[in-house]
Amino acid sequence: MGKPVDPPEGGDVESISLKEALEERYLAYALSTIMHRALPDARDGLKPVHRRILYGMRLLRLDPGAAFKKSARVVGDVMGQFHPHGDQAIYDALVRLAQDFAQRYPLIEGQGNFGNIDGDNAAAMRYTEARLTEVARLLLQDIDEDAVDFRETYDEANREPIVLPAAFPNLLANGSQGIAVGMATSIPPHNAAELCDAALYLIAHPKTPSDQLLTFVQGPDLPTGGIIVDDRDTIAEAYRTGRGAFRVRARWHREDTGRGGWVVVVTEVPYGVAKARLIEKIAELLQERKLPLLADVRDESAEDVRVVFEPRSRSVDDTLLMESLFRLTELEARIPLNMNVLTSGQIPKVLGLTEVLREWLDHRREVLQRRSRHRLGEIARRLEILGGLLIVYLDLDRVIKIIREEDEPKQELMAAFELTEVQAEAILNTRLRSLRRLEEMELKRERDSLTSEQSELEALLASEAAQWKVVTQEIRAVRKTFGPETPLGRRRTTFAAPPTASDIDLTEAMVEREPITVVISEKGWIRALKGQVTDLSGLQFKGDDRLKLSLATETTAKILVFSTNGKAFTLDAAKLPGGRGYGDPIRLMVELDDGADIVAAMPYQPDTKLLLASAEGRGFVVKSDDVAGNTRKGKQVLNVEANGRLALVVPAEGTHVAVIGENRKLLVFPLAQVPEMTRGRGVRLQKYRDGGLADGKVFGLADGLTWKDTSGRTWTVIETDLRDWIGNRAEAGRLPPKGFPKNNRFS
């Protein structure tokens with residue numbers, strides 16, 4: 001390494017710590033991002049860039065109903081006067097304010113290509129035109145009446161508002177998204193009429209909690225509609241804390257195509273989801289064969305959204321088809337709620353529903369007070385002028401003489417009639433044609449009217465109740481403008497309870513249904529062979545491993561696997577390794593205890609029963625639903641002794657149980673004598689002097705007892721020939737009939 005370079009001699013050199021310099025600069029950057037870029041103000045719901053765009057457009061007189069102006073002109077004015085950042089960033093913000101699929105109540109009316117729900121971008125700013133909407137007019141209303149504070153712009157050449165008067169509940173009505181440093185905000189749009197109703201109730205009942213306001217504010221009201229499928233408790237908790245999320249699903253209906261055919265038509269997609277990207281993802285899943293219930297997807301949208309899903313067959317259940325699409329695609333989306341906003345214009349804080357509305361209401365009251373004081377000041381100035389003019393009318397000739405003859409008429413008038421400078425200036429500026437008797441009467445009428453208005457405003461400022469009454473009237477007017485009976489105010493997002501998971505088995509919808517043969521080796525390796533394979537003699541195994549058991553099932557099934565320590569595990573057949581290799585150890589899929597081994601495996605069939613027994617001959621009947629689970633740890637079903645093991649798992653379908661011990665004694669007894677349990681040791685099935693249980697089965701006595709010998713032949717002993725072996729549970733039994741296999745197994 002080279003020698004460090006010393007600073008040059010002379011000049012002012014200041015040494016500072018790198019750590020302190022970084023901390024200071026990063027904190028300044030973080031505060032700038034939070035305060036002046038990413039978080040909206042709780043009062044008007046706007047970030048600085050949006051506020052500057054709206055104010056700049058107002059200065060350009062782009063009011064509702066006025067002629068449109070090029071977006072480039074707006075962007076240029078905003079960038080030059082208020083927002084010294086990139087023109088594309090300003091234009092992107094302007095475009096979003098005009099998109100009716102992004103804003104619930106657009107603040108800008110656009111003319112030209114402003115993008116679409118497919119995710120296409122807007123045309124360049126030189127092609128599009130814009131003007132303000134009625135909602136934006138409400139946000140800017142009374143801004144010239146000293147309703148809000150102004151500050152110097154970045155170059156101190158102009159002044160800009162710190163916040164807008166906001167006669168519209170914009171923060172919640174249009175929502176907001178932003179990522180700052182160490183914090184973020186995410187507020188979905190809401191229904192303005194519902195917000196007004198909640199605000200009016202909050203004025204009358206100031207201590208109302210957020211939960212109670214949900215009587216009025218049902219939940220988000222998204223521009224693109226959709227259905228919210230959350231329960232009321234989840235929604236209430238989100239609004240109470242200011243944090244949460246909403247599950248939004250696409251709106252769909254079944255449409256018959258004739259001759260028994262049908263399709264599903266989606267008419268509304270979740271908020272913020274680009275339709276083109278959504279259809280592209282569904283098409284990819286179709287190619288990957290992950291949507292076996294779906295045959296095709298088509299976009300038939302024009303002005304309205306219309307996405308058509310064609311089922312694989314007429315027998316497919318439409319609800320099951322849509323549930324599979326909701327699970328795998330953005331037809332169901334999570335809309336986050338994080339009401340992290342700037343309170344008082346400078347403090348970032350997460351607010352609940354009540355606090356957010358309170359911020360807006362308090363701001364509206366302050367705007368009313370400032371507006372009233374401003375008007376009082378104007379009235380006082382006008383009354384001062386009127387007072388001077390009325391004095392003049394008492395002696396007009398003298399006034400005219402002073403003006404004609406004096407070199408300094410203003411000073412002379414002030415001295416002669418005891419006028420203020422403002423009054424004297426007003427008299428000198430009065431036109432000759434105004435010196436009529438009729439004009440004097442007009443002035444007196446104006447003075448009386450202004451005096452009356454002055455008294456009313458003073459009474460208003462002196463009474464908090466009167467102020468809230470005026471705010472109430474203003475909010476009611478907004479509610480009427482955007483009420484549920486208006487096209488813009490009508491609620492678009494509805495609410496529904498989602499189907500419960502127990503009602504719908506999605507396994508079938510997610511996986512293509514195909515026959516497979518599951519193979520488990522002696523050393524616990526598992527794999528799934530395609531098709532129903534009966535001859536497994538040519539199957540290859542790793543090293544000296546060999547076949548232990550096999551079962552025929554389907555890819556949509558669940559497999560129950562039982563271990564010697566009495567535990568049951570549930571595996572998805574679709575997730576098993578294929579049959580080309582040796583498979584995978586079951587221990588990679590489940591937490592199999594050391595020393596435990598696999599005893600049995602079978603496809604899970606709901607609403608069936610199983611007979612479980614230990615090697616010492618104790619057992620019970622258990623429902624298959626009580627055995628199935630979805631954890632790697634499995635379920636402890638049969639409790640075994642320290643040196644004991646689970647030896648028997650068979651379907652409990654029939655009237656009688658046949659058990660045979662290692663001592664080659666066979667016993668048959670009624671299944672009703674075996675209790676049904678969810679877990680435990682069970683009861684004694686057969687009594688042994690030496691050894692334990694070798695095998696068992698449940699069968700229908702009327703059908704007879706069957707078994708297969710080592711040659712593969714099937715033997716059957718009918719009911720009348722089984723009398724010598726039929727007894728009661730826990731008896732010893734006797735030697736089996738002629739032809740029973742020497743290995744003491746039924747199969």
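Coordinate-derived values only; no laboratory data. Here the structure is a predicted model, which is why all the values come from computation and not from measurement. Positions of Cβ are backbone-derived with ideal geometry, glycine not excepted, and every protein chain shown enters the neighbour counts.
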Obtain the nm distance between the two label points defined at THR486 and ALA730 by a simple spin-label model: each point lies 7 Å from its Cα along the Cα-to-C-beta direction.
8.2
Just name one of ILE117, GLY634, ILE403: the one whose Cα is farthest towards the positive end of the charge dipole of the chain (beta-carbon charges, Lys/Arg +1, Asp/Glu -1).
GLY634
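Return the loop-located GluC sites (Glu not before Pro) in region 132-190 (DSSP other than H, G, I, E, B) with at most 13 other Cβ atoms within 10 Å of their own Cβ; answer none if there are none. It would help to have the intermediate numbers written out before the result.
Working: sites: GLU134, GLU145, GLU152, GLU156; in loops: GLU145, GLU156.
For GluC sites (Glu not before Pro) across region 132-190 that sit outside H, G, I, E and B with at most 13 neighbouring Cβ atoms in 10 Å, the list reads GLU156.
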With charges only on Cβ, +1 for K and R and -1 for D and E, what is the dipole size of region 537-647 about its Cα centre, in debye, rounded to 20?
120
Nearest 10 degrees, 0 to 90: what angle lies between the long axis of helix 71-81 and the longest principal axis of the chain (Cα atoms)?
70
Centroid-to-centroid separation of region 623-689 and region 267-323 [C-alpha atoms, Å]:
48
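Rounded to the nearest 500, what is the chain's calculated 222 nm mean residue ellipticity when only DSSP H runs of at least 4 contribute -39500 (n - 2.57) each, over all residues?
Details: 19 runs with 235 residues, N = 747.
Rounded to the nearest 500, the figure is -10000 deg cm²/dmol.
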Amide H of GLU616 versus every other amide H placed in the peptide plane: which residues, excluding those fewer than 5 positions away on the same chain, fall under 5 Å?
ARG645, LEU693
Interchain or sequence-distant (5+) residues whose placed amide H lies within less than 5 Å of the amide H of GLU554 are ILE516
Give me ASP593, ASP155 ranked fewest to most by other Cβ atoms within 10 Å of their Cβ, as a rough exposure proxy.
ASP155, ASP593
How large is ³J(HN,Hα), in whole Hz, for each residue of region 214-230 in order, when computed from phi with the Karplus curve 6.51 cos²θ - 1.76 cosθ + 1.60 and θ = phi - 60°, using x for Gly and Pro?
5, 4, 9, 8, 5, x, x, 10, 7, x, 8, x, x, 10, 8, 10, 10
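Among DSSP bridges having both ends in the chain, what percentage is antiparallel? Round to the nearest 5. Kindly include the intermediate steps, with their values, before the conclusion.
Details: 96 of 103 bridges.
Among the beta bridges of the chain, antiparallel pairing accounts for roughly 95 percent.
Give me Rg over Rh for the chain, both radii from the alpha carbons and Rh done the Kirkwood way, two decimal places.
1.22
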Could you give each residue of region 251-260 its phi-based ³J(HN,Hα) in whole Hz, using Karplus coefficients 6.51, -1.76, 1.60 with θ = phi - 60°, and x for Gly or Pro?
8, 9, 8, 8, 10, 6, 10, x, 6, x
Step through the residues of region 363-370 one at a time and calculate ³J(HN,Hα) from phi using the Karplus curve (6.51 cos²θ - 1.76 cosθ + 1.60, θ = phi - 60°), rounding each to whole Hz and writing x for Gly and Pro.
5, 4, 5, 5, 4, 4, 5, 5
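Could you list THR133, THR608 so that the one with the fewest beta carbons within 10 Å of its beta carbon is first and the one with the most is last? If you can, show how the numbers build up before the last one.
Numbers: THR133 21, THR608 14.
Arranged by neighbour count, lowest to highest, THR133, THR608 become THR608, THR133.
What's the FRET efficiency of ARG159 with SER455 using the Cβ-Cβ distance as r and R₀ = 41 Å, to the nearest 0.05? Write down the numbers at each step before the final one.
On the way: r = 33 Å, r/R0 = 0.80.
Calculated value: 0.80.
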Tell me the angle of helix 275-287 to the major Cα principal axis of the chain, expressed in degrees between 0 and 90 and rounded to the nearest ten.
10
At LYS469 and ASP597, where each label point lies 7 Å from the Cα along Cα→Cβ, what is the point-to-point distance in nanometres?
9.2
Over the chain, what is the relative contact order in whole percent, taking alpha-carbon pairs under 8 Å and six or more residues apart?
9
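Neighbour counts of other C-beta atoms within 10 Å: give me ARG587, ARG289 arranged from fewest to most. If you can, show how the numbers build up before the last one.
Working: ARG587 14, ARG289 9.
Listing ARG587, ARG289 from fewest to most nearby Cβ atoms yields ARG289, ARG587.
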With +1 on each Lys and Arg Cβ and -1 on each Asp and Glu Cβ, and nothing else charged, work out how big the dipole of the chain is about its Cα centre, in Debye to the nearest 20.
3560
Along the positive direction of the dipole of the chain (beta-carbon charges: Lys, Arg +1; Asp, Glu -1; about the Cα centre), which of THR430, ALA496, ALA136 reaches farthest?
ALA496
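If contacts are Cα pairs under 8 angstrom and at least 6 residues apart, what is the relative contact order of region 46-165 in percent? Don't skip to the end; give the middle numbers.
Details: 179 pairs, mean separation 34.1, N = 120.
Relative contact order, region 46-165: 28 percent.
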Cα centroid of region 416-445 to Cα centroid of region 108-133, whole Å
53
Using a Förster distance of 45 angstrom, determine the FRET efficiency expected from the C-beta separation of LEU432 and ALA72, and round it to 0.05.
0.35
Scaled to the compact-protein estimate 2.2 N^0.38 Å, what is the alpha-carbon radius of gyration of region 152-300, rounded to two decimal places?
1.45
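Tell me, what is the FRET efficiency for GLU406 and LEU376 to the nearest 0.05, using R0 = 41 angstrom and their Cβ-Cβ distance as r?
Numbers: r = 35 Å, r/R0 = 0.86.
That pair, GLU406 with LEU376, gives E of 0.70.
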Students often check this: by mean Cβ neighbours within 10 Å, which of 401-412, 180-191 ranks highest, and how do the rest follow?
180-191, 401-412
Taking every alpha carbon pair in region 216-297 and sorting the distances into 5 angstrom bins from 0 up to the bin holding the longest one, the percent per bin comes out as 3, 12, 16, 18, 17, 13, 10, 7, 3, 1, 0
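So how much slack lies between ALA245 and THR655, counting 0.36 nm per residue of separation and subtracting their Cα-Cα distance, in nm?
142.3 nm
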Furthest towards positive pole of dipole, SER563, GLY531, ALA573, structure part region 527-601, Cβ charges:
GLY531
Taking only the alpha carbons of region 513-603, what extent do you get along each of the three principal axes, in Å, biggest first?
32, 30, 18
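Quickly rank 734-744, 696-706 as a protection proxy: mean count of other C-beta atoms within 10 Å, highest first. Spell out each step's value before the answer.
Numbers: 734-744: 13.5, 696-706: 17.2.
By packing density, highest mean first, the sequence is 696-706, 734-744.
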With axes computed from alpha carbons, what is the tilt in degrees of helix 318-328 against the longest principal axis of the chain, rounded to the nearest 10 within 0 to 90?
70
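Highest first, please rank the peptides 520-527, 204-211, 356-363 by the mean number of other Cβ atoms sitting within 10 Å of their residues. All intermediate terms of the calculation are to be shown ahead of the outcome.
Details: 520-527: 19.9, 204-211: 13.5, 356-363: 21.4.
Peptide ranking by packing, descending: 356-363, 520-527, 204-211.
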